[in-house]
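The values are calculated or read from the model by the stated rules, or taken from the named source; none is laboratory data. Not measured: the values here are computed from a predicted model. Heads up, the Cβs are rebuilt from the backbone with ideal geometry, glycines too, and the neighbour counts pull from every protein chain shown. Surface accessibility is based on the protein's heavy atoms, side chains included, excluding ligands, DNA and RNA. Shrake-Rupley method; radii C 1.70, N 1.55, O 1.52, S 1.80 Å.
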Amino acid sequence: MMAFAACGRGSESARRQSDSAFAAMQARGHAVMGVDQYGSAHVFEDLVDGGRIVLDADSLSDSTGIVAIRQHMRDIATAFRAGDFARPFRVHAQVVPGTSVMAARRNRITYEVTDRPRGAEVRIRTTDSAAVVAIHAFLAFQRTEHHAAGHEAMPGGVH
């Protein structure tokens, strides 16, 4: 089963900005990632062999944001390959579910970065069933924290 969620926009944006815990996480995310959290959108998608994280700027004209997103995605792929999940900890101010198993099984997981027109994605793959469960826990937490839970998959798996 594939779970997919993208951070919402529009009328939900005002509600999200008024949520102080969410706003604090967004501020930490901006500091850690160097990306305007309100000017970009995350996607956290579970796949049979792992999943993917997508981060896109809202606009093609945001060239500075796109460069920052691409660098951030390369940085997290490098850190995750090494079993370093300090960035998600700093963004969320707590240990993120799944990361201890992902760190312990890091040699069984691959992280591939691909540029997109407005950002980048990290494709996470493994054949280790325990690692898949951990990756799905990690992505599910991210969907919830970024208020993306409940959004339905869009055709083609992108937003």
Return the residues of region 115-129 that are more than 10 Å from G50 (Cα to Cα) and exposed (fewer than 13 other Cβ atoms within 10 Å of the Cβ); say none if nothing qualifies.
P117
Condition broken by A82, with the remaining ones in (1) out of contact with any helix residue (DSSP H, G or I) (no Cβ under 6 Å at 6 or more places or on another chain); (2) under 15 Å from I53 (Cα atoms) satisfied:
(2)
Scan region 53-72 and report the pairs whose first residue is farther than 22 Å from P88 by Cβ and whose second residue is acidic (D, E), with Cβ atoms within less than 9 Å and a gap of 6+ or a chain change.
D58/D36; D62/D36
Inside region 10-118, counting only strands (runs of 3 or more DSSP E) that do not spill past its ends, which hold 1 or more residues that are modelled with pLDDT under 90 and closer than 30 Å to A130 by Cβ?
40-47, 50-57
Take A148 and tell me if it is at pLDDT below 90, open to solvent by less than 20 Å² (accessible area, probe 1.4 Å), in a loop (DSSP other than H, G, I, E, B) and among the aliphatic types (A, V, I, L, M).
yes
Return the residues of region 128-145 that are in contact with a helix residue (DSSP H, G or I) (Cβ under 7 Å, 6 or more places away or on another chain) and modelled with pLDDT of 95 or more; say none if nothing qualifies.
D128, A130, A131, A134, I135
